[in-house]
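The values are calculated or read from the model by the stated rules, or taken from the named source; none is laboratory data. From a predicted model like this one, the values you see are computed outputs, not experimental measurements. Here the Cβ positions follow ideal geometry from the backbone for every residue, glycine too, while neighbour counts run over all protein chains shown.
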Amino acid sequence: MTDIPDLQRVTTEYVAVEDRVRISGEAADGATIVLWLTQRLLNLLVPRLTGGLEQPDSTGDALLQGFAQQAAEASLSPQPAVEATTPAASWRVDSVDILSGPDGVALTFRSDEGPAARLSLANEPLRQWLSILRRQYQAAGWIDRVWPAWMEDDMRPAARPDATPFH
């Protein structure tokens, strides 16, 4: 069995010409790996990831989830993008294995050839990545019914006036 690269950093963006989301990931050895995710796959993945963030005993309290989401987004600091110009490998993702725990998730992206890459995210980086992914949904003009109410801007607590939005 070949080693599955663990992605250390990722850049997630919608590519209109492909009508897919591209994840450009940097592995521990510095190699760039490109993963292509379809809307259909993301529509299945997003509810699993957002559902895993909700506490089973809180019945998904939207206000508490909104606060946690806002805090995660506020702590997101811009990083240099992972460049997808000369990737070591590129795959269309056909499925994603999700290993969930109380502190985060490990995602194993699979192509028809087998495991392509793994991405481990603690809960706060997971919330940050989901926020970025939601913005890509909006950029694509995809229907965003897969997103929970607590991620909708009008359902979340108002930001502090001195807060600077992340672009």
Exercise for the section: Tell me which residues, restricted to segment 94-133, are among the aromatic types (Phe, Trp, Tyr) and farther than 16 Å from Val21 by Cα. Expected result: none
Completion exercise
Checked segment 135-151 for anything modelled with pLDDT under 90 and closer than 15 Å to Tyr14 by Cβ; matches are Ile143, Asp144
Fill in the blank from the handout: Counting only strands (runs of 3 or more DSSP E) entirely within segment 91-150, those with at least 2 residues that are in contact with a Phe, Trp or Tyr (Cβ under 6 Å, 6 or more places away or on another chain) are 114-122
Exercise for the section: Scan (1) without any contact (Cβ under 8 Å) to a residue 12 or more places away in the chain; (2) in contact with a Ser or Thr (Cβ under 8 Å, 6 or more places away or on another chain) for the single condition Gly141 breaks and write down its number. Expected result: (2)
Handout entry: Subset of segment 19-49 that is part of a loop (DSSP other than H, G, I, E, B) and at pLDDT 95 or above - its residue that is surrounded by the fewest Cβ atoms within 10 Å (Cβ to Cβ)
Key = Asp19
Exercise for the section: Please tell me if Leu76 is under 26 Å from Gln138 (Cβ atoms), modelled with pLDDT of 95 or more and of a type outside the set (D, E, K, R). Expected result: no
Handout entry: Top-ranked residue in segment 3-18 [being part of a loop (DSSP other than H, G, I, E, B) and free of Cβ contacts under 8 Å to residues at least 60 places away in the same chain; ranked as surrounded by the most Cβ atoms within 10 Å (Cβ to Cβ)]
Key = Glu18
Problem - Qualifying position, being within 26 Å of Ile143 (Cα to Cα), out of contact with any Cys (no Cβ under 6 Å at 6 or more places or on another chain), modelled with pLDDT of 95 or more and not basic (Lys, Arg), among Ser120, Ser111, Ser95 - result: Ser95
